[in-house]
Ligand code: CAA
């Protein structure tokens, strides 16, 4: 089947036995432990606590973290392979995985100091706790430099005040990476990233959002009122917070691109199967050219998205510049996810419109991949800026 292509030789994309083992493990986990109950969790908007606990046990929450800090020590290609398989079945689980791996663990490992890594990263990488990345605010989504949350320097601590919005893992996380403005005059160079723990005085988790898709994931607003954050919880030098957020999001976008790829390929696989079972006008609907053309186009675009996702992951693994490649992968894969899931519903006809057949959920889940970790419009901005470099 086209979408399970592993060998991309000639483009230096040979996948190793380890990659194939990761794919099998992720596929097996998704089919046996995520598929049962996925519709019910989506209906009830119920956080998949048990499934996330299992993802931690199986090593899916700290895949790229060094074994020195309790992680899997794997490459980014392994991570996107696992993200695709898990997203085929349950994008609510894969967003937890994506945020924990590429925004929280990667950011901490790359830019945190040894004490921060020992104290926070080890637990996050093992999946004992999960993390959240807190950049967006009621008035700062795409315009991320416009932070209203403040972290006022009080000597040995920062006083944190403000509100964060649409925070993935907002209610279920224990460790929060919070961007806040310390020095307004310095604009984005006056922003810091602080590690905040759940339960700190003045830190309140707001209402859970009732979402269109990825409904079982846990999206909240967060309120901070005079929260005392010790100075040692600042990541990097004073004023490094915006650079931290942008650098971390570059890699995060590869994770979301892989999620979009998984949503698209999950819908495609369901449509291909259904087309071989459903009869109309005396033959399988696959034998109607109208359906064949849809499936052929889906397979082609999904393969193109996969190449972009793998390319970005490979560049990151080779320590080459991956900013533009990550933005291209997310832009394209998220558009393919939206389009392919809509087509998958169409192939299913009336059945596609009911929950039992999964494709309507994948269509609802696809939409967020065009929005979070930088909208499609922001990806175009990032790509365009890189064209001039
Ligand atoms: N990588 C590294 N650094 C970057 C960068 C990137 N991709 N983009 C910008 N920067 C740096 C710039 O070099 C600049 O640094 P210096 O001034 O030190 O040179 C600084 O950031 C400011 O950049 P700009 O002057 O370009 O700022 P801007 O306001 O014109 O544009 C932006 C910035 C690219 C639009 C940025 O605000 C952005 O990416 N916005 C989207 C935010 C986003 O992706 N939010 C996602 C929320 S998290 C989430 O969704 C997680 C979840 O729950 C799933």
Single condition residue 200 does not satisfy, out of (1) in contact with a helix residue (DSSP H, G or I) (Cβ under 8 Å, 6 or more places away or on another chain); (2) more than 10 Å from the ligand (Cβ to nearest atom): (1)
Single residue of the range 327-369 satisfying the filter (crowded, with 20+ Cβ neighbours inside 10 Å and more than 15 Å from residue 266 (Cα to Cα)) that is farthest from the ligand (Cβ to nearest atom): 332
Those residues of the range 139-162 which are more than 19 Å from residue 233 (Cα to Cα) and assigned to a strand (DSSP E or B), in sequence order: 140
Criterion violated by residue 86 - all others in (1) at negative phi; (2) away from the ligand (no atom under 16 Å from the Cβ); (3) touching a residue at least 12 places away in the same chain (Cβ under 8 Å) satisfied: (2)
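Out of all the residues in the range 151-172, which are buried (at least 16 other Cβ atoms within 10 Å of the Cβ) and touching a helix residue (DSSP H, G or I) at 6+ places or on another chain (Cβ under 8 Å)? First the steps, then the outcome.
Here is the first cut: in the range 151-172, the residues buried (at least 16 other Cβ atoms within 10 Å of the Cβ) are 151, 157-172.
157, 158, 168, 169, 172, listed by residue number.
Kindly evaluate residue 327 against the criterion of being under 18 Å from the mean Cα position of the chain (by Cα), farther than 30 Å from residue 162 by Cα and in contact (Cβ under 8 Å) with a residue 12 or more places away in the chain.
Details: under 18 Å from the mean Cα position of the chain (by Cα): yes; farther than 30 Å from residue 162 by Cα: no; in contact (Cβ under 8 Å) with a residue 12 or more places away in the chain: yes.
When the stated conditions are applied, residue 327 does not pass them.
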Residues of the range 229-247 satisfying the condition of being more than 10 Å from the ligand (Cβ to nearest atom) and surrounded by 16 or more Cβ atoms within 10 Å (Cβ to Cβ): 229, 233, 234, 235, 236, 241
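Please determine whether any residue of the range 304-325 is crowded, with 20+ Cβ neighbours inside 10 Å, within 16 Å of the ligand (Cβ to nearest atom) and not in a helix (DSSP H, G or I). Give the steps one after another, and end with the answer.
At the first step, the residues of the range 304-325 found to be crowded, with 20+ Cβ neighbours inside 10 Å are 305-306, 308-314, 316, 322-323, 325.
Then keep just the ones that are within 16 Å of the ligand (Cβ to nearest atom); that gives 312, 316, 322-323, 325.
If we keep only those that are not in a helix (DSSP H, G or I) as well, we get 322.
Within the range 304-325, one or more residues are crowded, with 20+ Cβ neighbours inside 10 Å, within 16 Å of the ligand (Cβ to nearest atom) and not in a helix (DSSP H, G or I).
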Pick from the range 203-228, criterion within 15 Å of the ligand (Cβ to nearest atom) and under 16 Å from residue 131 (Cβ atoms), ranking: surrounded by the fewest Cβ atoms within 10 Å (Cβ to Cβ): 205
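Bear in mind that the values in this text are calculations on the coordinates, not laboratory data. What you see is a predicted model, and the numbers here were worked out from it, not measured in a lab. So basically every Cβ, Gly included, is an ideal-geometry build from the backbone, and we count neighbours across all protein chains shown.
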